[in-house]
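Read-outs throughout are calculated quantities, based only on the coordinates presented, and are distinct from any laboratory measurement. Computed from a prediction, not measured in an experiment: that's the story for all the values here. In this analysis, Cβ positions are derived from the backbone assuming ideal geometry, glycine residues included, and neighbour counts consider all displayed protein chains.
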Amino acid sequence: MNLTTLSPRDRLWLFIAFGAAVVAAMMLNTVIGSVPISLSELWSIIGHGSDSANADILWKIRLPRVIAAVLGGAMLAVSGMLLQIFFRNPIVGPFVLGISSGATLLVAMVMLSTLSLGFTGVSPHLNTLAALIGAYGTMTIILLITANIKSGVTLLIIGLMMGYLNGAVTSILVAFAEREKVKQFVLWQFGSFSGLSWQELFVLLGLGGLLLIGVYTLSKPLNAFLLGEEYALSMGVNIKLFRFLIVLVACALAGLVTAAAGPVAFIGLAVPHMARLSLKTSDARLLIPGALLLGAAITSLCDLVARQIFSPVEVPISAITACFGAPIVIGLLLKRKTSL
Amino acid sequence: MRTAVLMKMQDLGVGYDHQAVVRHISQEIRQGQFVSLLGPNGAGKTTILRTLARLLAPQQGTIFLDGKNLQDYRQADLARTLAVVLTERNFFGMFTGFDFVALGRYPHTGFLGRLQPKDILKTQKALHLVNAADLAERYFNELSDGERQKLLLARALAQEPKIIILDEPTIHLDLKHRLEVMTILRRFCRDQGISVIASLHDVDIASKVSDIVALVRDGRIIGWGPPEDLLNEATVTHLYELNAAAYNRWLGAIEMKGDGTAGKVFVVAGGGTGTTMYRLLAKQGFAVTTGVIHENDIDCYVAKALGATLIMEKPLEFISEESMGRAQGHLNGNTLVIDTGFPVTGINQSNLELLKLCLAEGKRIFTLREKAAARKLLGADYQKLVFCQDEIGILRALTSHH
């Protein structure tokens, strides 16, 4: 393989293409469904307001879901990119490392146990808080275990084991939980961007947006970090602060999405690679917007497939993302000579 | 010309977890000096370098860089003064040679690391200085170890430091790149005025490029000074605990001793005709005795370094009766004799007599001389010689004779 570099012009075109893909995916997700909404109807609902049944579907079901998928995908992709740079390992992502399952476990505790007694129903914000705690808890354990481990494959296995452990505890909680709560939890755990209220969306949009902007300001140290901690240190990076910030942001992004949509597999792992390979660079200043746009477009399309492939039955979104994500992991493992 | 002191170590002790590996280092490194750390594996060379680069905290003592305590530097200020080249050459990610070298501009660029025209210029200059302009557009992970190492040097240079610290910069490199890297580092010192401190494994290369060599052994710096003063057979043998090889300061190289189990041979040589023969014989395990050799003859240096038994004569003097006597003493029994075809001049005339004596005693002599020349020198007896094409030919004849 002899790679040639891309000119800034080529990259600009790529970004335009990514952006167009996001817009196209959003449009498709808006108009396609069990109740099709034509483009002209879409314009009239958005433009002039309408109180038709379709307007209700659009405002209460379609649009929140479209926005959630785009936002969730972007956040997962950037979270995965951060983790890959942090561990300098191409086969990690929030799902593979067990961060998503850690978030799931804590959400299970809230949804299934009596912890939620005293609340009317399950507060979405409590879910969010639980997911964040679960994500940070798992990440902390992984960091403690891997403090002296350099091998990428070992890290991968430790992440898988963390996933199993979290899953095991979650299943015990499920076994002891009340039927009605289990049903609710299982639906959530399937993973779906549906059912979010506008209020939840605004929280996701606000926090997620801030975090994504924050990540971009870390571009410079992220690039230095590619050479390893010692080189980064020797170039003037404040390593302790920087490590803390990456972990903080990566787990927050993954935790927020998990709280909102349940665990979504492989987006965080596969998308950064697709961005890197298409832009042909690891420069964070290009990779962050690239991963963000690609994550949004791909997650959005996966959500469309999940909704439509066995319509009217909806399959979990992870079923779709895993189908293209898992082969990418295998492929990377097979030809990892240059990266690990 | 003595330049200003750039780095000063004061009773420095380096190590891990309150355990000093090397202690009591009190030395100075001057601007533009090339300092090589030599010593066996595990002696603590890397630990010293990591401490000087502030990747490790000193266990005792102080390091001053440009007059200021190293520990008091802000990370960004240190990055503008000191750059490192570590042994790792595999990096995660996709970047071109240019991108990689441009990372060296890190301490000089703004918040998002955007390259200004002067940064681009300096990156290109660094690429040129390490002969790597052609690697600018190639992807780092597709390059060979040697090419990557050049980019690592350029990256360090792009940082515009006053000192570059390198851990085994030539490890895993082929000969061409090993020499190229050393040439580039010399250039950094001489043309850019940058001080270079590196751990090296090749004593011979280190002796030829360094201004100062530091010998690290047994938790101490056992020597610090110009290689011309410091490196000789005794110090190098002690430093590495050599027993099957020896360093020769005149050759500036290491010679491998034979184990002497393949049999005894006596080589009559001189004027440099014996060097190839000695090395070949030592390699094949022959115990070599050679004589009579003049002291300033290259044959003398090589034979000595190889651990051969030497019968020496003072430089530029006629071979004495006494030396002849010692040579004959070694020619007892059925010793095999090799004649390297040495030029016969006035002062080594006796070596010819030695050959004649051997022939008279019926000893087998393997020679590299032409038949006509041999007849002229040895008379009718010349036919008893075993004529060989070259050193390999002699070796074949020797082994078949056995």
So what's the gap between the Cα centers of region A:214-292 and region B:219-282, to the nearest angstrom? 54 Å
So how far apart, in nm, are the two label points at A:Ile172 and A:Thr217 if each is 7 Å from Cα heading toward Cβ? 4.2 nm
I need the P(r) histogram for chain B: all alpha carbon pairs, bin width 10 Å from 0 out to the longest distance, whole percents. 5, 19, 23, 17, 14, 12, 8, 2, 0
What's the average, rounded to a whole number, of partner chain beta-carbon atoms within 10 Å of each residue's beta-carbon in A:213-221? 2
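Fewest to most neighbouring Cβ within 10 Å: what's the order for B:Asp202, B:Asp119, A:Asp303, B:Asp390? Working shown, then result.
Working: B:Asp202 16, B:Asp119 19, A:Asp303 29, B:Asp390 11.
With the sparsest Cβ surroundings first, the list reads B:Asp390, B:Asp202, B:Asp119, A:Asp303.
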Candidate lysines - alpha carbon under 25 Å from A:Lys181, same-chain residues fewer than 8 apart omitted: A:Lys60
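For B:Cys358, A:Cys323, what's the fewest-to-most ordering of other Cβ within 10 Å of each Cβ? All intermediate terms of the calculation are to be shown ahead of the outcome.
Values: B:Cys358 22, A:Cys323 13.
Arranged by neighbour count, lowest to highest, B:Cys358, A:Cys323 become A:Cys323, B:Cys358.
What does the structure give for B:103-113 when I average, per residue, the other chain Cβ atoms found within 10 Å of the residue Cβ?
Numbers: counts 9, 3, 1, 11, 5, 1, 1, 1, 3, 8, 9.
Partner Cβ neighbours, averaged per residue: 5.
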Given a cut-off of 21 Å, what percent of all Cα-Cα pairs of region B:287-402 lie beyond it? 36 percent
Given Cβ charges of +1 for Lys and Arg and -1 for Asp and Glu, the option among B:Leu153, B:Thr96, B:Leu112 whose Cα lies farthest towards the positive end of the dipole of region B:42-180 is B:Leu112
Fewest first, what order do A:His125, B:His108 take by the number of other Cβ atoms within 10 Å? A:His125, B:His108
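Based on a Kirkwood Rh over C-alpha pairs, give the Stokes-Einstein translational diffusion coefficient of region B:98-173 at 10 °C and viscosity 1.306 mPa s in µm²/s. Kindly include the intermediate steps, with their values, before the conclusion.
Values: Rh = 12.6 Å.
After rounding, the answer is 126 µm²/s.
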Relative contact order (percent, whole number), region A:8-336, Cα cutoff 8 Å, 6+ residue spacing: 32 percent
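Determine how many Å³ per residue the convex hull of the Cα atoms of region B:114-265 encloses. Before the final figure, lay out the partial values.
On the way: hull volume 24.7 nm³, N = 152.
Here the figure is 162 Å³ per residue.
Using the Kirkwood radius over Cα pairs, work out the Stokes-Einstein diffusion coefficient for the protein assembly as shown at 4 °C and 1.567 mPa s, in µm²/s as a whole number. Can you show the working numbers first?
Details: Rh = 31.1 Å.
Once the numbers are plugged in, D ends up at 42 µm²/s.
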Please list, short to long, the whole-number percent of alpha-carbon pairs of region A:8-336 in consecutive 10 angstrom bins beginning at zero. 6, 26, 34, 23, 9, 2, 0
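Take every DSSP beta bridge whose two residues both sit in chain B, then give the antiparallel share in percent to the nearest 5. Numbers along the way, then the final one.
Working: 25 of 60 bridges.
Of those bridges, close to 40 percent are antiparallel.
Give B:Lys125/B:Lys150; B:Lys8/B:Lys118; B:Lys122/B:Lys176; B:Lys8/B:Lys208; B:Lys176/B:Lys208 a once-over and call out the pairs whose C-alpha atoms are over 21 Å from each other. Can you show the working numbers first?
On the way: B:Lys125/B:Lys150 13 Å; B:Lys8/B:Lys118 32 Å; B:Lys122/B:Lys176 26 Å; B:Lys8/B:Lys208 24 Å; B:Lys176/B:Lys208 16 Å.
Over 21 Å Cα-Cα: B:Lys8/B:Lys118; B:Lys122/B:Lys176; B:Lys8/B:Lys208.
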Quick one: plug the Kirkwood hydrodynamic radius of region B:42-178 (C-alpha pairs) into Stokes-Einstein at 10 °C, 1.306 mPa s, and report D in µm²/s. 100 µm²/s
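Roughly what % of DSSP beta bridges within the protein assembly as shown run antiparallel, to the nearest 5? All intermediate terms of the calculation are to be shown ahead of the outcome.
Details: 26 of 61 bridges.
Counting DSSP beta bridges with both partners in the protein assembly as shown, the antiparallel share is about 45 percent.
With a length cut of 18 Å (Cα positions projected on each helix's long axis) and a Kyte-Doolittle mean of at least 0.5, go through chain A and give me the DSSP H helices that pass.
Numbers: long enough: A:8-31 (34 Å, 1.14); A:63-87 (36 Å, 1.82); A:99-112 (19 Å, 2.07); A:124-145 (32 Å, 1.45); A:152-176 (37 Å, 1.87); A:198-217 (28 Å, 1.54); A:239-261 (33 Å, 2.17); A:284-308 (35 Å, 1.26); A:317-334 (26 Å, 2.24).
Within chain A the helices that satisfy the rule are A:8-31, A:63-87, A:99-112, A:124-145, A:152-176, A:198-217, A:239-261, A:284-308, A:317-334.
For region A:133-214, what does the alpha-carbon gyration tensor say about shape, rounded, prolate or oblate, given a ≥ b ≥ c as the root eigenvalues, a/c under 1.5 as rounded, and a/b over b/c as prolate? Don't skip to the end; give the middle numbers.
On the way: a/c = 2.83, a/b = 1.20, b/c = 2.36.
Oblate, since a/c reaches 1.5 and b/c is not below a/b.
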For peptide B:76-83, how many partner chain Cβ atoms fall within 10 Å of a residue's Cβ, on average? 3
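Where in region B:30-76 are there trypsin sites (Lys or Arg not before Pro) that are in a DSSP coil and have at most 12 other Cβ atoms within 10 angstrom of their Cβ? Don't jump to the answer; show the numbers that get you there.
Numbers: sites: B:Arg30, B:Lys45, B:Arg50, B:Arg54, B:Lys68, B:Arg74; in loops: B:Arg54, B:Arg74.
Sites meeting the loop and neighbour criteria: B:Arg74.
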With +1 on each Lys and Arg Cβ and -1 on each Asp and Glu Cβ, and nothing else charged, work out how big the dipole of region B:111-190 is about its Cα centre, in Debye to the nearest 20. 440 debye
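According to the Kirkwood expression over distinct Cα-Cα pairs, how big is the hydrodynamic radius of region B:1-98, in Å?
On the way: mean 1/r = 0.0671 Å⁻¹.
Across region B:1-98, the inverse of the average 1/r is 14.9 Å.
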